[in-house]
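*Asks:* Provided herewith is a single structure, encoded as structure tokens, for subsequent inquiry.
The values are calculated or read from the model by the stated rules, or taken from the named source; none is laboratory data. Just so we're clear, the structure is a prediction, and the values are computed from it rather than from any experiment. For the accessible areas, the whole protein counts, side chains as well, though only heavy atoms, and no ligand, DNA or RNA atoms are used. Shrake-Rupley method; radii C 1.70, N 1.55, O 1.52, S 1.80 Å.
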Amino acid sequence: MAGLRMITRRTALKGAGVSALAIVSAPSILRAQPKEIVIGGAASHKPWVESIVQPFFEKKYDCKIVYEGTRSLVNLEKMQKNKDRQYMSVVQMDDPVMILAVKEGLLEKLTLAKVPNLANIRPDAVHMDGMWANYLAPWQGIAYNKNVLPNGVASWAEAWDAKFKGRVILPSLQNTEGLANLFMASHLATGKPMSEALKDTESGFKQLIKLKPNLLTVYTQMPQAFNLLEQGEAWVILGALSSFALESKGAGAPIDLAAPKEGIFASPSGICVVRAAPALDLAYTYVNEMLGAEIQAKISAPTFALPTNKSVPPPAGMPTDAPLYSIDWAYVADNRMEWVKRWDREMAI
């Protein structure tokens with residue numbers, strides 16, 4: 001038959017030999033391709049992850065990082081939906097959401113054998129026997145308008161002064177940063193050490209109710225609150241995050257962040273390894289680097305956060321003499337729903 005070639009046993013075997021050679025060669029081709037690891041994290045972290053962490057890690061370990069930036073709860077949903085076949089290897093998210101992930105069995109434990117830099121992390125930055133750790137600690141203080149308050153804010157208690165009527169902004173308890181104000185209010189009302197005040201939320205709510213005449217608004221969306229502060233309509237935002245307030249200051253906004261005498265709160269950024277993750281060894285290596293001195297020294301200043309590695313000094317301009325309080329997130333997780341309901345009833349303005 002014209003145009004057709006007879007397939008003989010010889011040509012079949014010859015073709016099979018080529019296919020076999022391709023199959024045998026495939027592993028070496030795969031080995032030549034860079035390893036890939038998918039990291040889930042906050043959308044706001046994407047610029048410094050891609051400009052600082054990613055080039056460092058990819059070069060050192062001959063791999064590729066894919067960073068998916070979104071909210072912590074969205075990352076949790078991804079882990080839940082892909083429980084039988086995870087595609088993310090590491091997740092960076094808020095501590096309250098980490099607790100939910102632990103309860104659902106979604107995380108691998110961090111150990112010194114797999115993450116040696118754990119030995120250099122502050123004890124309060126390692127949680128639930130190593131289920132996750134904090135690699136940075138943005139801090140919460142009082143953001144203020146410098147044009148209105150050129151001398152700053154020395155005490156949290158000042159916000160209750162009548163001169164602040166209609167000039168104070170609070171974050172809602174639906175926002176993680178809102179919790180610090182509840183605990184500080186308890187401390188101011190009772191004089192109890194913060195470790196005890198954290199558990200006395202009854203006193204905290206009563207003290208916050210006394211603040212209502214001074215409230216301009218309660219926010220769930222941070223950018224709108226800072227717009228009011230920059231314009232001078234608000235004078236202070238209680239419980240403001242350093243990562244947002246100091247970035248705005250650096251961009252030229254007439255605001256600053258005070259570390260009042262009573263103290264400030266750590267609002268740490270957590271990191272974990274996803275259970276049954278792909279590239280598990282590389283995942284542990286990534287976490288180890290994020291907890292290491294070299295990376296933390298590179299990212300603490302541009303993120304306006306305190307390092308958790310004990311060998312890394314705070315970047316210039318960070319508070320060093322104010323007491324730093326850590327929140328018991330397990331206690332928060334057990335009680336937050338009821339607190340939010342009470343907040344909505346009693347703090348509406």
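*Asks:* How long, wide and thick is segment 36-131, going by the Cα atoms along their three principal axes, in whole angstroms, largest first?
*Replies:* Here the Cα extents, ordered largest to smallest, are 34, 33, 25 Å.
*Asks:* With every protein chain kept in the model, how would you rank ASP321, ASP94 by accessible area, 1.4 Å probe, largest at the top?
*Replies:* Listed by decreasing accessible area, they come as ASP321, ASP94.
*Asks:* Right, something else. Can you tell me what percent of all Cα-Cα pairs in segment 255-349 are more than 24 Å apart?
*Replies:* In whole percent, the long-distance tail amounts to 47.
*Asks:* Continuing with this model, one more query. Could you tell me how many cubic angstrom of Cα convex hull volume the chain has per residue?
*Replies:* 193 Å³
*Asks:* Follow-up. In whole angstrom, note down how far apart the Cα centers of segment 138-193 and segment 323-340 are.
*Replies:* Segment 138-193 and segment 323-340 have Cα centres separated by 18 Å.
*Asks:* With every protein chain present, what is the per residue accessible area of the chain (1.4 Å probe, Å²)?
*Replies:* On a per-residue basis, the chain sits at 48 Å².
*Asks:* Further, regarding this structure: Determine one quarter of the surface area of the Cα convex hull of segment 173-215, which equals its mean projected area, and express it in nm² to one decimal.
*Replies:* If I average the Cα hull's projected area over directions, I get 3.0 nm².
*Asks:* Pairs of Cα atoms under 8 Å, at least six residues apart: use those to get the relative contact order of the chain, whole percent.
*Replies:* Taking the mean separation of contacting Cα pairs over the length of the chain, I get 24 percent.
*Asks:* Okay, moving on. Please state the shape class of segment 135-174: rounded when a/c is under 1.5, otherwise prolate if a/b exceeds b/c and oblate if not, all from the C-alpha gyration tensor.
*Replies:* Note, shape of segment 135-174 comes out oblate.
*Asks:* Convert 37 °C to kelvin, take the viscosity as 0.692 mPa s, use the Kirkwood radius over C-alpha pairs of segment 300-349 as Rh, and evaluate the Stokes-Einstein diffusion coefficient in µm²/s, rounded to a whole number.
*Replies:* Roughly 232 µm²/s, to the nearest whole number.
*Asks:* To continue, here is another question. My understanding is that a pair violates if its Cα-Cα distance is over 23 Å; which of LYS64/LYS298; LYS64/LYS249; LYS64/LYS114; LYS35/LYS59 do that in this structure?
*Replies:* LYS64/LYS249
*Asks:* Okay, next question. Take the Cα radius of gyration of segment 135-215 and divide it by 2.2 N^0.38 Å, with N its residue count; two decimals is plenty.
*Replies:* Taking the Cα Rg and dividing by 2.2 N^0.38 Å, one obtains 1.12.
*Asks:* Shifting gears a bit: Let me know the Kirkwood hydrodynamic radius for segment 86-126, please, with Cα pairs as the basis and the value in Å to one decimal.
*Replies:* Computed over segment 86-126, the radius equals 11.8 Å.
*Asks:* Using a 1.4 angstrom probe and counting only protein chains, how large is the accessible area of TRP343 in Å², to 10?
*Replies:* The value for TRP343 is about 10 Å².
*Asks:* Largest first, please: the extent of the C-alpha atoms of segment 97-245 along each principal axis, to the nearest Å.
*Replies:* Each principal axis gives a Cα extent; for segment 97-245 these are 56, 31, 28 Å.
*Asks:* If I build a Gaussian network model for the chain, linking alpha-carbon pairs within less than 10 angstrom, which residue out of ARG122, ARG71, ARG85 has the largest mean-square fluctuation?
*Replies:* The residue that fluctuates most here is ARG85.
*Asks:* Pop out the carbon and sulfur fraction of the accessible area of segment 198-270 as a percent, whole number, probe 1.4 Å.
*Replies:* 48 percent
*Asks:* What figure, in Å² to the nearest 10, do you get for the accessible area of LYS192 with a 1.4 Å probe and non-protein molecules left out?
*Replies:* 70 Å²
*Asks:* What number do you get for segment 175-282 when its Cα radius of gyration is normalised by 2.2 N^0.38 Å, N = residues?
*Replies:* 1.33
*Asks:* Please state the shape class of segment 211-254: rounded when a/c is under 1.5, otherwise prolate if a/b exceeds b/c and oblate if not, all from the C-alpha gyration tensor.
*Replies:* Prolate shape, in that a/c is at least 1.5 and a/b is the bigger ratio.
*Asks:* Then there is this: Could you rank TRP235, TRP339 by how accessible they are, 1.4 Å probe, largest area first?
*Replies:* Descending accessible area places them as TRP235, TRP339.
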